[in-house]
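> Here it is, the structure in full.
The values are calculated or read from the model by the stated rules, or taken from the named source; none is laboratory data. As the structure is a computational prediction, the values presented were derived from the model and not from experiment. Don't worry about glycine lacking a Cβ; one is built from the backbone with ideal geometry, like all the others, and counts go over all protein chains shown.
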Amino acid sequence: MKNKADLLILNGRIATLRGFSDKPQRGSDFGRLGLTDGALAIQGDKILAVGPLEQVSRQVELSSARIIDAGGRLVAPGLIDPHTHVVHCGSREMEYGMRLAGTPYIEILKAGGGILNSVRQVRQASVAEMVAQTKKSLRRMLAYGVTTVESKSGYGLDTDSEVKMLRAMEILNHIQPVDLVPTFMGAHAIPEEYKDDSDEFVRIIIEDMLPRVKELAVFCDVFCEEHVFSIEQTRRIFKAARGHGLGLKLHADELAPTGGAQLAAEMGAVSADHLLCVDSDGIIALAKSDTIAVLLPGTSFNLMSNYAPAREMLEAGVAIALSTDYNPGSCPTENLQLIMTLGCLKLGLSPSQVLAAVTINAAHALKRADLIGSLEEGKQADLVIFDADNEAYLPYHFGINHTWLVVKSGKVAFKKHEEDYCEDRYPNCSGS
Ligand code: NIG
Ligand code: FE
C-alpha cells in the first residue's frame, strides 16, 4: 500500500539541499543545492517524496492530493533565521540620528541607550503587548519565506522580565505558524542597577535566572565583548547553562577580537555569531570544531561597520550560516532575502552558498537539521516557492520580496497577493 499524499507541488525547480542532515555544508560542499526538476509530495506535516514526477507517482498515491503547479519556479526549503531578537517592545528610531552623526553603537549603550533603552520598554510591557508586536514581525518574516526563527530574550535583564519574554515566545509558538526556537540571553547587557558590579549580575544569571528559564529555553547566549561580558564571565555562565541542559550560542568578536570564537569552539557551542573582528586563531578554532559561524551582514550594513571575513572562514573550512539579527537597534529588518544579497555583495558568497546558509546550515545552527533545512523524505514540510527561475535571481534582484507561496508544516501559510491597481480609475493604463 502506497502512502497517500494530500498536497503535491508540480513543475518545480527544486533546491533540495539533500544529503547534509548529519553535517553542515563546508568547503567545496558549501552551496550544493541538490537541484532536481520535478515534484514534491506531502502528507500531513511531512514530506513523502521529492524528485521527477514519474518517480514520485511510483512511490506515492497521488489521486486525492491537492495540486499546486509551481510553473517552473524555484522551490526551496522554508528559510531559517538562526539569530534574532524578534521579541521586543517599541522601537529605537530616536537613536538613528545619533548613529547617523557617527556615535558608535557601544557608546550609545554605555550612555544608557541602545539595548538598555529596549530593556526599559520591555520591563513596562505586558506579555500580551509583546505577543502582539512580535506576531506582526513573524507575519512579515513568513511572507519573506521564513518558517523557523531563533528568538532571544535579553531585554528583561531581571528574572521576571526574562521569564516574561520567554513566555511570550511560548505563546507565539501556539498562535501563529512560524516556529520559534527560544534562547535565554540574560547576559545581553549589564543593567543599570549592576553597572558597577557586573560579577554580581553574573551571579544572579547563574543562581536565579538559569534555574527559572531552563524549561523555557533551548539555548543560552552571551554578549561577550569589551565593556559587556568578559571571556571569564562568559565561561562561568556557559558552564552553568550546560549543567541545566541548554545548548550554547555566543555573540563573539563583534566589536573587538576578544577570543570569543575560540571560547565557543572550546566549549562546544552550537554557533558563534557576528565575528566581524575574529582573528586567524579564532578562524582556525572554528574550522576544527562543529560550531557554526552565523554571520549577520545586515548588522554591519546598518551600523556602517566592517564585515566578517567570510571568504577567509570559508577557505579555512568554517561552516557558515546567515541571519538577519533582527532587533530594534543594530539591525531593524525582518527581510532575510536582503541579507542573502548582502551575503553575496559584502561577504563574497555565491547565490548557491547564501541559499545553503539560510537553509541547511541555518538548521545546523539550531541543532534541527534532522527535522528542517532540506527537502527530503521524512522531513517537516516547510518550503517556499519563489517567483524566480533560479537561485541567482534572488540576491540579484534585491530589496524586493520574491516569495510566491509558503508551505509551513504541510499547510499553505502565505500566498503572494496579486496587487489591485484600481485600473477602473485609469482605464487606458490597464496594460491589456
Ligand atoms: O546582535 N550585539 C548585541 N546584541 C544585538 C543588538 C541588540 C540591540 O541593539 O537591541 C545584536 O546586534
Ligand atoms: Fe544579536
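> Testing residue 115 on (1) over 18 Å from residue 329 (Cβ atoms); (2) within 16 Å of ligand 2 (Cβ to nearest atom); (3) over 18 Å from the mean Cα position of the chain (by Cα), one condition comes back false. Which one is that?
(1)
> Condition (residue is out of contact with any His (no Cβ under 9 Å at 6 or more places or on another chain) and surrounded by fewer than 18 Cβ atoms within 10 Å (Cβ to Cβ)) applied to region 72-85: is it met by at least one residue?
yes
> Considering every residue within region 282-303, establish whether at least one is more than 12 Å from ligand 1 (Cβ to nearest atom), more than 20 Å from the chain's Cα centre (by Cα), within 20 Å of residue 115 (Cβ to Cβ) and surrounded by 19 or more Cβ atoms within 10 Å (Cβ to Cβ).
no
> Please return the ranges of helices (runs of 4 or more DSSP H) entirely within region 253-303 where 1 or more residues are closer than 21 Å to residue 335 by Cβ and touching a Cys at 6+ places or on another chain (Cβ under 7 Å).
Values: elements: 260-266, 280-287, 297-303.
Qualifying helices (runs of 4 or more DSSP H): 297-303.
> Since residue 199 meets every condition but one in (1) out of contact with any His (no Cβ under 8 Å at 6 or more places or on another chain); (2) within 16 Å of ligand 2 (Cβ to nearest atom), which condition does it not meet?
(2)
> Here's something else I'd like to know. Could you name every one of the helices (runs of 4 or more DSSP H) located completely within region 144-230 that has at least 1 residues being touching a Lys or Arg at 6+ places or on another chain (Cβ under 8 Å)?
Values: elements: 159-175, 198-204, 210-213.
In region 144-230, 159-175, 198-204 are the helices (runs of 4 or more DSSP H) which contain 1 or more residues that are touching a Lys or Arg at 6+ places or on another chain (Cβ under 8 Å).
> Related question: What number of residues within region 20-60 are in contact (Cβ under 8 Å) with a residue 60 or more places away in the chain and either small (Gly, Ala, Ser) or touching a strand residue (DSSP E or B) at 6+ places or on another chain (Cβ under 8 Å) (or both)?
Qualifying residue count, region 20-60: 18.
> Quick check on my filter: what residues within region 153-195 are of a type in the set (Ser, Thr, Tyr) and within 14 Å of ligand 2 (Cβ to nearest atom)? Break it down into steps so the answer makes sense when it comes.
Of the residues in region 153-195, the ones of a type in the set (Ser, Thr, Tyr) are 153, 155, 159, 161, 183, 194.
Once the filter is applied, which keeps residues that are of a type in the set (Ser, Thr, Tyr) and within 14 Å of ligand 2 (Cβ to nearest atom), region 153-195 yields 153, 155, 183.
> Is at least one residue of region 98-116 modelled with pLDDT of 95 or more, closer than 30 Å to residue 359 by Cα and within 14 Å of ligand 1 (Cβ to nearest atom)?
For region 98-116, residues modelled with pLDDT of 95 or more, closer than 30 Å to residue 359 by Cα and within 14 Å of ligand 1 (Cβ to nearest atom): present.
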